[in-house]
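Here is the structure we will look at, set down as structure tokens.
Computed from the coordinates by the stated procedures, all read-outs in this text should not be read as laboratory data. Computed from a predicted model, the values in this text were never measured in an experiment. For neighbour counting, all protein chains shown are included, and Cβ atoms are generated from backbone atoms with ideal geometry for every residue, glycine included.
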Amino acid sequence: MKSDVKQETLALNGDEAVAYAVKQSDVDVVAAYPITPQTIMVEKFSEYVANGEVETEFVCTESEHSAMAASISASATGARAFTATASAGLALMHEMLFVASGCRTPVVMAVANRALSAPLNIHGDHSDTMAERDSGWVQIYVENAQEAYDSVIQAFRIAEHTSVLLPVLVGLDGFTLSHTLENVTALSDADVKEFIGERKLINVLTHEGKSVPFKLDPDNPMTMGPIALQNYYFEFKRQQEEGMKNALALIRQVHDEYAKLSGRSYGNGLVEKYQLDDAEIAVVCVGSTAGTMKTVVDELRAEGVKAGLLKLRTFRPFPVEEIQNALGKVHAVGIMDKSMSFGGNGGAVFHEVRHALYDLAERPLVVDYIYGLGGRDYNPKEFKKIFNELRQIAHSKRVHKLVNFTGLRE
């Protein structure tokens, strides 16, 4: 797809790409606390603030818990808010993540995915964000720095839309993407600002009988998320689920509009299919692994193997229909999990994908491959072994080992 607007190619690592996208997104408040490998994001953004390149209020808090609390508070007043974190920092936010989604504050957060302690590890896997998959946040995962830049811009449109009003998390693999320099093609400041637009607020009825914008405002007092017991709590949670359902269509819409503007697309915004139309075997993966996997699929295709790839870009809301359509005719599917669900008989992505396929009249055999924990390297030769195993599974029509720890010393 070709773009008609003027763009500039910059040399940025993944963290810098995120910071640059936030710089262009007319953000009112950034509240954050540094943690490896996210630190560059807010460090770079603080330079924009110090240099007078943005009018953003930058709040350096005393912890990640406070960073999220400040972001929620800012968003609740009608401000556009952003924060960033990783690993233990995200875990420290845990309580406030539920507050953000429950209060319908559309905060955007970038997470440089990193393993959780103990033992201490600063490298990239998905254990941090997968642990928060039920916190009510939209979750988008990216393959490279370019997609990180594009996805952060789209995230503000998605989060703030009045049919969704939920916070959005953009995950990029720690060090693999956060610290790797790549070419990133950036839109102009004016085009980004126009694409996102100003935040629109819905009107609500206050206790005084006034119809006013849904925000904290001394002139029109209201409370957000104070207490709801048996009589109302359930209804609040159901409304959040409706926001998630609405997000499925909105993510696709925003993605397509952005693709028309920028010339860049990522499947349909929910999933990206690669060589899947006639595939007999396929893998499903999340994040930067997709780039390597595409090369492996190309090599296998050159050898006459009908291999394919499904990249999950959106993990929440989970794109059930797209997964069913993409994988329904494949004979054997390998799910790549970069996190563990201890005692859960497989990883988070495996559970979700297998569940989505269960009710199909004809469904593939599905097997889980847990890999790369703590940032352990996994090369194309190892990926080819997985495809060879999938060929054997498809031929025998039997899964001998459902959950596999691959690349592990056992």
- When a footprinting reagent is the concern and you count Cβ atoms within 10 Å, what order do T289, T206 take, fewest first? T206, T289
- Message: If you take every residue apart from I40 with its C-beta less than 12 Å away from the C-beta of I40, what net charge results, scoring Lys and Arg +1 and Asp and Glu -1?
- Response: -3
- Query: Loop-only check: which trypsin sites (Lys or Arg not before Pro) in the stretch 1-102 are DSSP coil with at most 16 other Cβ within 10 angstrom?
  - Reply: K2, K6
- Message: For the stretch 163-238, which trypsin sites (Lys or Arg not before Pro) pass both filters: DSSP loop (anything but H, G, I, E, B) and at most 10 other C-beta atoms within 10 Å?
- Response: K200
- Just report the Cα centroid separation between the stretch 83-148 and the stretch 163-206, whole Å. 15 Å
- Task: Please list the non-local residues whose amide H lies under 5 Å from the amide H of E57, H modeled 1.01 Å from N, same-chain partners needing a gap of 5 or more.
- Result: V29, V30
- Note on the structure: Listed by chain and number, the lysines with an alpha carbon less than 28 angstrom from that of K237, same-chain partners under 8 positions apart left out, are K200, K210, K215, K245
- Message: Given the -39500 (n - 2.57) contribution per DSSP H run of 4+ residues, what per-residue ellipticity at 222 nm results for the chain, rounded to the nearest 500 deg cm²/dmol?
- Response: -12000 deg cm²/dmol
- Message: With angles folded into 0 to 90 degrees, how steeply does helix 64-76 sit against the dominant principal axis of the chain? Use alpha carbons for both and round to 10.
- Response: 60 degrees
- Query: Where both partners of a DSSP beta bridge lie in the stretch 271-405, what percent of those bridges are antiparallel, to the nearest 5?
  - Reply: 20 percent
- Query: Which residues make up the longest stretch of the chain clear of chymotrypsin sites (Phe, Trp or Tyr not before Pro) that lie in a DSSP loop with no more than 14 other Cβ atoms within 10 Å, not counting the sites?
  - Reply: 1-231
- Note on the structure: As straight-line cross-link partners of K6, the qualifying lysines (C-alpha separation under 27 Å, not fewer than 8 residues apart within one chain) are K23, K44, K193, K260
- Here the convex hull volume per residue of the chain, taken over Cα atoms and given in Å³, is 153 Å³
- Query: Going through the stretch 147-198, which GluC sites (Glu not before Pro) have at most 10 other Cβ atoms within 10 Å and a DSSP loop state?
  - Reply: E198
- Message: Below 30 Å, Cα to Cα, which lysines can K381 reach? Residues fewer than 8 away in the same chain don't count.
- Response: K273, K294, K306, K311, K329, K338, K397, K401
- Query: Between rounded, prolate and oblate, where does the stretch 15-142 land on the alpha carbon gyration tensor, with a ≥ b ≥ c its root eigenvalues, rounded for a/c under 1.5, else prolate if a/b exceeds b/c?
  - Reply: oblate
- Message: Need the full-extension length gain, A131 to D298, defined as separation in residues times 0.36 nm minus the C-alpha distance. One decimal, nm.
- Response: 56.8 nm
- Query: How high is the FRET efficiency from N183 to N325, r the C-beta distance, R0 35 Å, rounded to 0.05?
  - Reply: 0.60
- Got a sec? How would E321, E64 order by Cβ neighbour count within 10 Å, fewest to most? E321, E64
